[in-house]
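Data first, discussion second: the structure below is written as structure tokens.
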Amino acid sequence: MMKTTTAALLAALAFAGCSKKGSGDSAVAAQASEAAAAPAAGSVASNHDQSKKAGVEVAHVDTRKVIRTGRIDLTVASYDESRARLDAMVESAGGYIDSTQVDRRGTVNSAVIVIRVPADAFISMLPGLRQLGDITNETTNAADITAQFVDTEAQLASAQQLEKRLLELATAKNGTLDQVLTVERELARVRGEIESYQGHLKQWSDQVSLSTLTITMSTRSAPVAVAVVEPQSLGSKTSQSFHSSIGTLRDLASWLLVTCVALLPWLLFLVPALLGLQRLARRHRRIPIAIVNPTVPTAPTAQE
């Protein structure tokens, strides 16, 4: 009986100890879970804040596709000096000279220079260009092609998906010859559209990333000296008139001499012709009057 009671008491104590230990383990587990959950919550909150900040930053990023162009006409003191400064500005901005046309005529130089600069440096470069000389004309233009760019990208994606399907049909060996030829023709057409879309996107991307600026440079022309004409006196006017008359007579004599020399070859033909005409005129004068006028009656003879 005592053994039974002792065994029951030990069993009760063991059960109580196990229950206490289990509850303690449960509390420890709960605390551990809470401790683990706290950093996780902090991490989630931190990630939320970071994503919120990132969202704000992304919202301010300009995703438009804008093509910027411009033209500036400058009048500079020296073309060589201004051109050297312009080359340095373009190089520092990360651009390059696209084309150049220089016209040198005497002391006045003019040039048409086309430069390509990054879109971010386009606006910041204009104040530096104004320091090269006097601006006579300035024009800037911004063309927004975002809608065309997005539409072309969608058309390109659709055409590429259609190309993929056509390739699957072309590689399949089931179908008649006419069907295979039709698929190949359609595949060639779709590939042509894909190349066209890719070409447009590439060209637009280049124009968006690099702005185009046309610069016309011309140097200032030297001032023209105006000669001051002094009034002439009576003696100078008389002397000038006399010398002018002498010059006119000299010119007339020179003209007559040149004309006579030019007519000498013709005299070889004109002199014999004139002599022949003179002989004919003399013979005509020696003809009798009766022959010239036969109606005049003659006197009767003695026999009649």
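A few points about this structure:
- For the range 135-140, backbone phi angles converted through the Karplus equation (6.51, -1.76, 1.60; θ = phi - 60°) give residue-by-residue couplings of 8, 9, 7, 9, 9, 10 Hz, Gly and Pro being listed as x.
- Counting only protein chain heavy atoms and rolling a 1.4 Å probe, the accessible areas of Phe242, Phe269 rank, largest first, as Phe269, Phe242.
- Using heavy atoms of the protein chains and a probe of 1.4 Å, the accessible area assigned to Ile194 is about 10 Å².
- List Arg104, Arg189, ordered by accessible area with a 1.4 Å probe, largest first: Arg104, Arg189
- Our coupling estimate for the range 182-188, obtained by passing each phi through the Karplus curve with A = 6.51, B = -1.76, C = 1.60 and θ = phi - 60°, is 4, 5, 5, 5, 5, 5, 5 Hz, Gly and Pro reported as x.
- Ranking Val183, Val258, Val117, Val150 by solvent-accessible area of protein heavy atoms (1.4 Å probe, all protein chains present), from largest to smallest, gives Val258, Val150, Val183, Val117.
- The phi torsions of the range 234-248, fed into the Karplus equation with coefficients 6.51, -1.76 and 1.60 and a -60° offset, translate into couplings of 5, x, 5, 5, 5, 4, 5, 5, 4, 5, 5, 5, 4, x, 5 Hz, rounded to whole numbers, with Gly and Pro shown as x.
- Leu277 - accessible surface, heavy atoms, 1.4 Å probe, Å² rounded to 10: 110
- Part-to-part distance (alpha-carbon centres) for the range 118-189 and the range 249-280, which is given in Å: 86
- Within the accessible area of the range 91-231 (1.4 Å probe), percent carbon and sulfur: 53
- To the nearest 10, the accessible area of Ser241 is 70 Å² with a 1.4 Å probe.
The values are calculated or read from the model by the stated rules, or taken from the named source; none is laboratory data. Everything quoted here is computed from the prediction, not taken from an experiment. In case anyone asks, the SASA skips ligands and DNA or RNA and just uses the protein heavy atoms, side chains included. Shrake-Rupley method; radii C 1.70, N 1.55, O 1.52, S 1.80 Å.
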